[in-house]
1. For each pair in 29/88; 95/131; 94/179, compute the distance between the two Cα atoms and list the pairs where it is over 25 Å.
2. Tabulate in residue order the Karplus-calculated ³J(HN,Hα) for region 139-154, using 6.51 cos²θ - 1.76 cosθ + 1.60 with θ = phi - 60°, rounded to whole Hz; enter x for Gly and Pro.
3. Choose one answer from 179, 94, 142: the residue with the largest mean-square fluctuation in a GNM of the chain with alpha-carbon springs under 10 Å.
4. Calculate one ³J(HN,Hα) per residue across region 109-115 by plugging θ = phi - 60° into the Karplus curve 6.51 cos²θ - 1.76 cosθ + 1.60, and present them in order as whole Hz with x for glycine and proline.
5. Provide 136, 51 in ascending order of the number of other Cβ atoms located within 10 Å of each residue's Cβ, fewest first.
6. Read phi for every residue in region 92-108 and hand back ³J(HN,Hα) as whole Hz from Karplus 6.51 cos²θ - 1.76 cosθ + 1.60, θ = phi - 60°, with x for Gly and Pro.
7. Report, in cubic angstrom per residue, the convex hull volume of the C-alpha atoms of the chain.
8. List the chymotrypsin sites (Phe, Trp or Tyr not before Pro) in region 109-148 that DSSP assigns to loop (not H, G, I, E or B) and whose Cβ has at most 15 other Cβ atoms within 10 Å. Which are they?
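What follows is calculated from the coordinates using simple rules that are stated; it is not laboratory data. Note that this is a predicted model, so its numbers are computed, not measured. Methodologically, a virtual Cβ is constructed for each residue, glycine included, from the backbone with ideal geometry; neighbour enumeration extends over all protein chains shown.
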Amino acid sequence: MSSFIGHSLAGATIFCCDRQLGGDLSTKKRDRFLWLFWLIILACTPDLDYIIPFFRPSNNQGIRITHSLAGSLILPLLTSLMLFFIIKNRATLKKYSIQAFCAGLSHLLLDILVGVTVLPLLFPWSREVFKLSFGILPSAGKISLTNYYFYRNLYLELGVILPLAIALILWIWRKKSHKFLFLLPIFLLISFHFMFVSFHLPR
């Protein structure tokens, strides 16, 4: 699995890829920050099984039910339904609904790219679990101030995700950030370097 920081960064990246940064959701900066915060929550929600005993694998025959497609999309679906009653413009509703669903699915994408944790993607229709035979992200180290692997893996994770996120945002905003587009391949190379290092970690 990826760390809370990695999942939060994914949610924030989805927000930043919107060229209006939530501007048509509300003219208030407070509401734009709330939408950013909510996307981060959606990106992290599947890890509720660490907090709520009912969702823990030990109570579900060893299956992380929140890490299924259905489990990761329940809250985005409810968010979309809520937005349906708030946003009248259908194009705007579609955009924010897509952002919500992308935030939920980003969690599964990052976790499966670790190549360690098995995910019951088709639950409850199937209990079959899926795992990549390789990983380009490190697993989240045990949170401890004295745990070397926590810092190392967090460093590697940020090395993969952060430059990739910046490159994506630069490309999305290329009409306004054209002066900085020369940095795009540099950020991609940095990300690929950390992917290469993570790929060769023992699993």
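1. 95/131; 94/179
2. After applying 6.51 cos²θ - 1.76 cosθ + 1.60, I find 6, 6, x, 4, 5, 7, 5, 9, 8, 4, 5, 4, 5, 4, 5, 5 Hz.
3. Ranking 179, 94, 142 by mean-square fluctuation puts 179 first.
4. With coefficients 6.51, -1.76 and 1.60, one gets 4, 5, 5, 6, 6, 6, x Hz.
5. 51, 136
6. Those phi angles translate into 5, 4, 4, 4, 6, 5, 4, 4, 4, 5, 5, 4, x, 6, 4, 4, 5 Hz.
7. Enclosed volume per residue, from the Cα hull, is 144 Å³.
8. 125, 134
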